[in-house]
Amino acid sequence: LQQALSEKQAIEAALINGEKVGPVKAGDSIAVVGNTGYPACSTGAHLHFEIRRNNQWINPADFLKSRSIADSQNNGITATVGSGDWEWPLSGDIRITQYYGVTPWSYRYQYSGGIHTGIDMLSDSSTVIRAPKDGVLYAASQDCGNSSIIKIKYIDHGNGMISFYLHVQ
């Protein structure tokens, strides 16, 4: 629970303290997958991808283009995820380790009502994170408990839409 709460507090602080990097277009490189925040806010290298509309969590899969992924949350089966028009932030063969919503581990996220607030993913062929949609990029490094520092990038897409990228290098 403390790990999840520390991560939430880091995101909230990033919104206040984030430094404007500048405009980005869909497909622009914005970061590299990492493990920042370990051990207090991360259990291993991955991208936590989150979207908020008017500061409310929403399912990122509703915005991402449909594609096949390896579903590590459900024994590695192949699944089709996405129903929107945004590009995926990772390319290549993508593996999802935890979905948005109620998951086997989401009980830890009591601050969010027991839901995981984003999608945790990896690519077997690329660690480059790309903007899924045009916007203005910001960067922040925040305390994440127990002397851990988490690096966060986020893109303000306008009209109350912000996408977050956590644990980046």
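Some notes on this structure:
- Residues in the range 82-121 that are without any contact (Cβ under 8 Å) to a residue 24 or more places away in the chain and hydrophobic (A, V, I, L, M, F, W, C): 102, 105.
- Filtered by the rule that a residue be among the charged types (D, E, K, R) and either assigned to a strand (DSSP E or B) or touching a Cys at 6+ places or on another chain (Cβ under 8 Å) (or both), the range 100-126 gives a lone residue, 120.
- Looking only at residues in the range 77-94 that are touching a Ser or Thr at 6+ places or on another chain (Cβ under 8 Å) and open to solvent by 40 Å² or more (accessible area, probe 1.4 Å), the one that is farthest from residue 161 (Cα to Cα) is 78.
- Residue match in the range 95-108 (condition: open to solvent by less than 50 Å² (accessible area, probe 1.4 Å), at pLDDT 95 or above and more than 15 Å from the chain's Cα centre (by Cα)): no
- From 9, 73, residue being at pLDDT below 90, of a type outside the set (Val, Ile, Thr) and in a helix (DSSP H, G or I): 9
- Of the residues making up the range 109-124, those that are touching a strand residue (DSSP E or B) at 6+ places or on another chain (Cβ under 9 Å) and open to solvent by 10 Å² or more (accessible area, probe 1.4 Å) are 109, 112, 115, 120, 122, 123, 124.
- Among the residues of the range 33-50, those identified as polar (S, T, N, Q) and either open to solvent by 20 Å² or more (accessible area, probe 1.4 Å) or modelled with pLDDT of 95 or more (or both) are 35, 36, 43.
- Applying the condition of being open to solvent by less than 30 Å² (accessible area, probe 1.4 Å) and not in a strand (DSSP E or B) to the range 127-137 and asking which residue is nearest to residue 69 (Cα to Cα) yields 132.
- Candidates in the range 138-158 are the residues that are open to solvent by less than 40 Å² (accessible area, probe 1.4 Å) and out of contact with any strand residue (DSSP E or B) (no Cβ under 6 Å at 6 or more places or on another chain); of these, the one that is farthest from residue 42 (Cα to Cα) is 158.
The values are calculated or read from the model by the stated rules, or taken from the named source; none is laboratory data. Bear in mind the structure is a predicted one, so any value in this text is a computation, not a measurement. Every residue, glycine among them, receives a Cβ derived from its backbone with ideal geometry; neighbour counts consider all protein chains shown. To get the accessible areas, we keep the full protein, side chains included, count just its heavy atoms, and leave off ligands, DNA and RNA. Shrake-Rupley method; radii C 1.70, N 1.55, O 1.52, S 1.80 Å.
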